[in-house]
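To start, the structure itself, in structure tokens.
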Amino acid sequence: MDLTAQPVYVEHWSIYSATSTYGKREKDVRVEPSNGDLFFYKHSDKRYPWDFWCEVIASKLGQLLGLNIAPYEPAYSKDGSGKYIWGCLSPLLHNPKEGEEFVHGQSYLQMCKPDFETHRGTDHDYELIQQALHLAGGHVEDFQKFHEMLVFDALICNRDRHQENWALIRSSKEDLPEPPLAPPEESEEAEAWGKLVKEMLRVIFSGLSARLAPIYDSGTSLGHNLLEARMSAMLAEHSREGLQRFATGSKATAHIRWQGSRLRHDELLRNIGKASPEMLLAALTKITDAFDPQVIAELLEVIDAKVVREEVKKELIPAAYMLNPVRKSFIRELLYLRHQELCKLREQIRG
């Protein structure tokens, strides 16, 4: 695969309003003028204009590891004042023309838990997700890919895999049923009612063909919100204590919870490894074995080569959007460290 990102100018691409967008970040659907294909144009966070590079790096890294992940490339357009703005571009993950629907995980979670809390993620729990995947008719490979996504998030320090940042694609033109109203808490028949509803929904979905969507929206990772000055300070430490703390400390948490608690990535995976050792061990082994430090170093060295060679020369990319060499070094060292931690975890689970 080509490790060098291929920037795309989308200013002249028309906006397609008939398809909803994925995730919560500002984005729109663009039509590729030569063939009519649909793409998502995801805007950079105004606070961290460089963060689209984290999405592009994560995408290419995932492809190198053999994961089912959406491809992303840098893209740019103009704002209302005529200034160039940058983000990233990815193809539509489903085919609406063939009746496919893209359904956020949240919709299935609400089928399992009608009062699912949607703002803080307090109900976004591993066990509930497994129920939702079963309800959606997920196959063994879908469960395996979901665990691979969890390991990948741990590798890249993604702390934002919320319930709208994973999804299923189902082949149906029918509308997803609205979540049924929950019975009163004091109802003695609440448990029986819940089982009845789940069985009813299972029957509804049993005739639908669903698959886990490719991994998408992984840009809230790789230290996307860190300034280069802080990265430089971490890299300058001989002990690398700051980097270790960032990668494995109390704030290195997964969005998905375990029995209601938000844990560090490694703690979440360790608990899953106790409950589903074969599934998690397969995911850990796949990713840790495919991780090649030399290839990772090459990826970070060349990923912005075309942008530097062409867009910078033409003054099409403002400095704020550039991939700073310090950021490259930080991401490389962070990935090396996280890979080592995941290898340790793999051996612990093997026992």
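Restricting attention to region 270-323, the residues being under 19 Å from E141 (Cα atoms), among the hydrophobic types (A, V, I, L, M, F, W, C) and under 20 Å from the mean Cα position of the chain (by Cα) number 8. With respect to the conditions (1) touching a residue at least 12 places away in the same chain (Cβ under 8 Å); (2) in contact with a Ser or Thr (Cβ under 7 Å, 6 or more places away or on another chain); (3) closer than 30 Å to Q106 by Cβ; (4) not polar (S, T, N, Q), L263 lacks only one, and its number is (1). Any residue that is at pLDDT 90 or above, farther than 21 Å from P96 by Cβ and not aromatic (F, W, Y) - is there at least one of those in region 162-183? Yes, the conditions are met somewhere in region 162-183. Taking every residue in region 224-237 that is under 21 Å from P49 (Cβ atoms) and pairing it with any residue that is crowded, with 16+ Cβ neighbours inside 10 Å and of a type in the set (K, R), at least 6 positions away or on another chain, the pairs with Cβ-Cβ distances below 9 Å are L226/R327; E228/R327; M231/R327. In region 254-265, the count of residues that are in contact with a strand residue (DSSP E or B) (Cβ under 8 Å, 6 or more places away or on another chain), more than 19 Å from F143 (Cα to Cα) and in a helix (DSSP H, G or I) is zero.
The set of residues in region 28-58 being farther than 27 Å from C157 by Cβ and either within 14 Å of the chain's Cα centre (by Cα) or free of Cβ contacts under 8 Å to residues at least 12 places away in the same chain (or both) consists of S34, N35, G36. Of the residues making up region 138-158, just one is buried (at least 18 other Cβ atoms within 10 Å of the Cβ) and at pLDDT below 95, namely G138. Confirm whether L61 is within 25 Å of K145 (Cα to Cα), under 16 Å from the mean Cα position of the chain (by Cα) and assigned to a loop (DSSP other than H, G, I, E, B). Taking the combined requirement at face value, the residue does not satisfy it.
When the residues of region 66-119 are filtered to those that are without any contact (Cβ under 8 Å) to a residue 60 or more places away in the chain and assigned to a helix (DSSP H, G or I), which remaining residue is surrounded by the fewest Cβ atoms within 10 Å (Cβ to Cβ)? That would be K97.
For region 318-351, the candidate set comprises residues that are outside any helix (DSSP H, G or I) and touching a residue at least 12 places away in the same chain (Cβ under 8 Å); within that set, the residue that is surrounded by the fewest Cβ atoms within 10 Å (Cβ to Cβ) is P318. The numbered conditions (1) in contact with a helix residue (DSSP H, G or I) (Cβ under 8 Å, 6 or more places away or on another chain); (2) modelled with pLDDT of 95 or more are all true for S276 except (2). Once region 268-307 is narrowed to residues that are outside any loop (DSSP other than H, G, I, E, B) and among the charged types (D, E, K, R), the residue that is farthest from Q130 (Cα to Cα) is K306. If you check E310, E315 for being acidic (D, E) and outside any helix (DSSP H, G or I), only one passes: E315. One residue stands out among those in region 285-295 that are out of contact with any Gly (no Cβ under 8 Å at 6 or more places or on another chain) and either under 13 Å from V151 (Cβ atoms) or modelled with pLDDT under 95 (or both): the one that is surrounded by the most Cβ atoms within 10 Å (Cβ to Cβ), which is I287. Only residues that are of a type outside the set (K, R) and more than 18 Å from C88 (Cα to Cα): list them for region 288-314, please. T288, D289, A290, F291, D292, P293, Q294, V295, I296, A297, E298, E301 - these are the residues of region 288-314 that are of a type outside the set (K, R) and more than 18 Å from C88 (Cα to Cα). Tell me, please, whether a residue that is over 18 Å from D153 (Cα atoms), modelled with pLDDT under 95 and of a type in the set (D, E, K, R) can be found in region 296-304. Within region 296-304 (the criterion being over 18 Å from D153 (Cα atoms), modelled with pLDDT under 95 and of a type in the set (D, E, K, R)), the answer is no, since none of the residues qualifies.
I'd like the full set of residues that are surrounded by fewer than 15 Cβ atoms within 10 Å (Cβ to Cβ) and over 23 Å from the mean Cα position of the chain (by Cα), limited to region 236-246. Those that are surrounded by fewer than 15 Cβ atoms within 10 Å (Cβ to Cβ) and over 23 Å from the mean Cα position of the chain (by Cα): A236, E237, H238, S239, E241.
Applying a threshold of 6 Å to beta carbon distances and a minimum spacing of six or more residues, or different chains, the list of pairs starting in region 278-304 at a residue that is in contact (Cβ under 8 Å) with a residue 12 or more places away in the chain and within 15 Å of K60 (Cβ to Cβ) and ending at one that is hydroxyl-bearing (S, T, Y) and assigned to a loop (DSSP other than H, G, I, E, B) reads V302/T4.
Here T122 passes the criteria (1) under 30 Å from G249 (Cα atoms); (2) crowded, with 17+ Cβ neighbours inside 10 Å except the one numbered (2).
Restrict the check to region 1-14 and report whether at least one residue is surrounded by fewer than 18 Cβ atoms within 10 Å (Cβ to Cβ), in contact with a helix residue (DSSP H, G or I) (Cβ under 7 Å, 6 or more places away or on another chain), modelled with pLDDT under 90 and within 25 Å of V302 (Cα to Cα). Yes, region 1-14 has at least one match.
The values are calculated or read from the model by the stated rules, or taken from the named source; none is laboratory data. Since this is a predicted model, take the numbers as computed values, not measurements. Note that we place each Cβ from the backbone using ideal geometry, even for glycine, and neighbour counts take in every protein chain shown.
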